[in-house]
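The values are calculated or read from the model by the stated rules, or taken from the named source; none is laboratory data. Computed from a prediction, not measured in an experiment: that's the story for all the values here. No Cβ is skipped: glycine too gets one built from the backbone with ideal geometry, and neighbour counts run over all protein chains shown.
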Amino acid sequence: PFTVVASRSGRRFVVPGDKSIASVLEENGICVELSCEQGICGTCLTRVVAGRPEHRDSFQTDAEKQRNDRITICCSRSLSEELVLDV
Ligand code: FES
């Protein structure tokens, strides 16, 4: 598990292994835009404020992934214990 911090409210959520970042945010009343939920379309792309994403999508290019400034929250996870997102 890792922790996602919603930077706009400062709220913190633990993301367990069996749930996506997007579903944890939704469960907590934070609206997220989703479409394919498979890392293909890029609809759920979210700005990363701090932390290191574990990219699992095929939407961003390798160069974009290396910048670690955006994450597809439908399927990607976190390499750092904490991931701060612009939500
Ligand atoms: Fe399509 Fe996340 S919803 S990439």
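Using the structure shown, decide if Gly42 is modelled with pLDDT of 95 or more and near the ligand (Cβ under 7 Å from one of its atoms). Reasoning before the result, please.
Values: modelled with pLDDT of 95 or more: yes; near the ligand (Cβ under 7 Å from one of its atoms): yes.
Yes; evaluated as a whole, the condition is true for this residue.
For segment 1-43, what are the residues that are hydroxyl-bearing (Ser, Thr, Tyr) and within 11 Å of the chain's Cα centre (by Cα)? Don't jump to the end; show me each part of the working.
As a first pass, look at segment 1-43 and keep what is hydroxyl-bearing (Ser, Thr, Tyr): 3, 7, 9, 20, 23, 35, 43.
Listed by number, the residues that qualify are Thr3, Ser20, Ser23.
Could you tell me whether Val49 is crowded, with 18+ Cβ neighbours inside 10 Å and of a type outside the set (Lys, Arg)?
Details: crowded, with 18+ Cβ neighbours inside 10 Å: no; of a type outside the set (Lys, Arg): yes.
No; evaluated as a whole, the condition is false for this residue.
Can you tell me which residue is surrounded by the fewest Cβ atoms within 10 Å (Cβ to Cβ) among those in segment 52-87 that are under 17 Å from Pro16 (Cα atoms) and of a type in the set (Gly, Ala, Ser)?
Filtering first and then ranking leaves Ser80.
For segment 1-41, which residues satisfy the criterion of being among the small types (Gly, Ala, Ser) and crowded, with 16+ Cβ neighbours inside 10 Å? Reasoning before the result, please.
Our first condition is that a residue be among the small types (Gly, Ala, Ser); within segment 1-41, this holds for 6-7, 9-10, 17, 20, 22-23, 29, 35, 39.
Once the filter is applied, which keeps residues that are among the small types (Gly, Ala, Ser) and crowded, with 16+ Cβ neighbours inside 10 Å, segment 1-41 yields Ala6, Ser20, Ala22, Ser23, Gly39.
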